[in-house]
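Comments concern the structure below.
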Amino acid sequence: EVKEELTDSLYKKLVKEFGIKPIDQEVIERIKKHTKEIHFMLRRKIFFAHRDLLWLLDEYEKGNRFFLYTGRAPDGPIHIGHLVPWIFTKWLQEKFNVELWFQFPDEEKFLFKQVSFDETKKWTRENMLDVIALGFKENKTHFLVDTKHANLMYKEACKVAKHITFSTVKAVFGFTNEANIGMIFYTAMQAVPAFLPSILKNKNMPCLIPLGVDQDPHFRIARDVLPKLGFYKPALIHAKFMPGLKGTKTKMSSSDVNSTIWLTDSDEEVRRKIIKHAFSGGRGSLEEHKKLGGIPAIDVSYQWLYYLFEPDDKKIREIYESYKSGALSTIELKEYLIKKIITFLHQHRKKRKKAEKKLNKFIF
């Protein structure tokens, strides 16, 4: 888990420490060759690093289609920070016309936290509806639930586990002797969707995993083990963390309700949180703000628009300039964001209601 402040130097450090490659213009051009346009999250370097993405595109150009894999450990409602990799994954699915395998490891929070299986069962269903509501293709999206699909996954997880020593998981995840043995085995289950489609289709298929950069260690183990089983290493594309409400250097936290907006928050709740808790880059008084201008780099409302809620580059540039010059006040910026979030949540809930009718079609 990344506990440091979210800064450019942190991401540079992680690139170096993890040995991942920054996404440069060459990578962007290669993606654009197939997608014809570039997602704003790539343009804005929210997805900023990768492993083996150029190799994956080489394979794609040879006709060896990849599949996507991402997931969610169900233990509560979804907050907007969770949406960043999923919205990008949906774009990849659309543009490359590929399958997505979405894992719900319902045993993870049972093993790692004080969460019962009854709770994870409830949240698995709730989280599935939120994922479907984002607009993934029904015929190309498959949900895997670890306990439900154990007959399909457990044997494959054992093949992975046989190649992972206790000292490896200890070193990668920092486990002590107090860790239960389920925690130690869990990473083997997380590796399975990265090669399960290859088994089911009886041909070796490349896999691309869009993920938050903190998830990289899990898949470093998978990348090490899968070639030993005769499969490709999964390629990865890494996202930065969307900052929490308390400041642009803070992470959103599921344990701090005021650090983020949940998809279940009411309009009043959204308004209260943004007005009261969204850290501002504005000045002490309106007069001072007009004179000196705001600081978008440290303003959470601006950053949230940049990360998720204002995909239009021209518009985000206008907001940036207007806020920096002092023409746009903090309260006007917050009101703009509130409107964007509330509109998104209303549309999302309508789609979520419709998702209930087709939920079973997504479960593999």
Original post:
Quick one: is Ala150 modelled with pLDDT of 95 or more, out of contact with any strand residue (DSSP E or B) (no Cβ under 9 Å at 6 or more places or on another chain) and farther than 22 Å from Trp262 by Cα?
Top reply: yes
Subject >> Residue in region 303-316 that is modelled with pLDDT under 95 and part of a helix (DSSP H, G or I) present >> reply: no
Original post:
So Ile275 fits all but one of (1) in a helix (DSSP H, G or I); (2) surrounded by 20 or more Cβ atoms within 10 Å (Cβ to Cβ); (3) not basic (Lys, Arg); what number is the exception?
Top reply: (2)
**OP:** Answer yes if at least one residue in region 351-361 is within 24 Å of the chain's Cα centre (by Cα), of a type outside the set (Gly, Ala, Ser) and over 30 Å from Lys137 (Cα atoms), and no otherwise.
**Re:** no
Original post:
In the set Thr264, Thr260, Thr248, which member is farther than 22 Å from Leu211 by Cα and of a type in the set (Ser, Thr, Tyr)?
Top reply: Thr264
Subject >> Candidates Leu328, Leu337, Leu286, Leu333 - the one that is at pLDDT below 95 and among the aliphatic types (A, V, I, L, M) >> reply: Leu286
**OP:** Being out of contact with any helix residue (DSSP H, G or I) (no Cβ under 8 Å at 6 or more places or on another chain) and closer than 22 Å to Gly63 by Cβ is the filter here, so list the residues in region 184-223 that pass it.
**Re:** Pro197, Ser198, Leu200, Lys201, Asn202, Lys203
**OP:** Specify the residue that is surrounded by the fewest Cβ atoms within 10 Å (Cβ to Cβ); the eligible residues are those in region 99-116 that are under 21 Å from Val192 (Cα atoms) and over 18 Å from the mean Cα position of the chain (by Cα).
**Re:** Phe112
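Residue-by-condition table, conditions (1) farther than 30 Å from Glu61 by Cβ; (2) assigned to a loop (DSSP other than H, G, I, E, B); (3) touching a residue at least 60 places away in the same chain (Cβ under 8 Å); (4) not hydroxyl-bearing (Ser, Thr, Tyr):
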| site | (1), (2), (3), (4) |
| --- | --- |
| Glu94 | no, no, no, yes |
| Glu119 | yes, no, no, yes |
| Thr124 | yes, no, no, no |
| Met128 | yes, no, yes, yes |
| Met153 | yes, no, no, yes |
| His163 | yes, yes, yes, yes |
| Ala171 | yes, no, no, yes |
| Gly182 | yes, no, yes, yes |
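Every residue, every condition in (1) touching a helix residue (DSSP H, G or I) at 6+ places or on another chain (Cβ under 9 Å); (2) surrounded by 20 or more Cβ atoms within 10 Å (Cβ to Cβ); (3) in the same structural domain as Val131 (by TED's automatic domain parsing); (4) basic (Lys, Arg), yes or no:
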residue: Glu1; (1), (2), (3), (4): yes, no, no, no
residue: Lys36; (1), (2), (3), (4): yes, no, yes, yes
residue: Arg43; (1), (2), (3), (4): yes, no, yes, yes
residue: Arg65; (1), (2), (3), (4): yes, no, yes, yes
residue: Ile78; (1), (2), (3), (4): yes, yes, yes, no
residue: Trp91; (1), (2), (3), (4): yes, no, yes, no
Original post:
Among the candidates Lys361, Lys350, which residue alone is modelled with pLDDT of 95 or more, within 30 Å of Leu144 (Cβ to Cβ) and touching an Asp or Glu at 6+ places or on another chain (Cβ under 6 Å)?
Top reply: Lys361
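Rundown of residues vs (1) in a helix (DSSP H, G or I); (2) of a type in the set (Lys, Arg); (3) touching a residue at least 24 places away in the same chain (Cβ under 8 Å), yes/no style:
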position	(1), (2), (3)
Leu14	yes, no, yes
Arg30	yes, yes, yes
His34	yes, no, yes
Ile38	no, no, no
Phe48	no, no, yes
Original post:
Quick one: what pairs do we get from region 53-82, first residue within 24 Å of Ile28 (Cα to Cα), second among the charged types (D, E, K, R), C-beta under 6 Å, 6+ apart or different chains?
Top reply: Leu57/Arg30; Phe67/Glu99
**OP:** Return only the number of the condition from (1) surrounded by fewer than 20 Cβ atoms within 10 Å (Cβ to Cβ); (2) at pLDDT 95 or above; (3) more than 27 Å from Gln347 (Cβ to Cβ) that Ser255 does not satisfy.
**Re:** (2)
**OP:** Consider Ser322 carefully, then state whether it is surrounded by 14 or more Cβ atoms within 10 Å (Cβ to Cβ), more than 23 Å from the chain's Cα centre (by Cα) and either on the phi < 0 side of the Ramachandran plot or not in a helix (DSSP H, G or I) (or both).
**Re:** yes
**OP:** Confirm whether Thr120 is surrounded by 19 or more Cβ atoms within 10 Å (Cβ to Cβ), in contact with a Ser or Thr (Cβ under 6 Å, 6 or more places away or on another chain) and in the same structural domain as Ala222 (by TED's automatic domain parsing).
**Re:** no
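The values are calculated or read from the model by the stated rules, or taken from the named source; none is laboratory data. Treat the numbers as computed from the prediction; the structure is a model and nothing was measured. Positions of Cβ are generated from backbone atoms using ideal geometry, with glycine treated the same way; all protein chains shown enter the neighbour counts.
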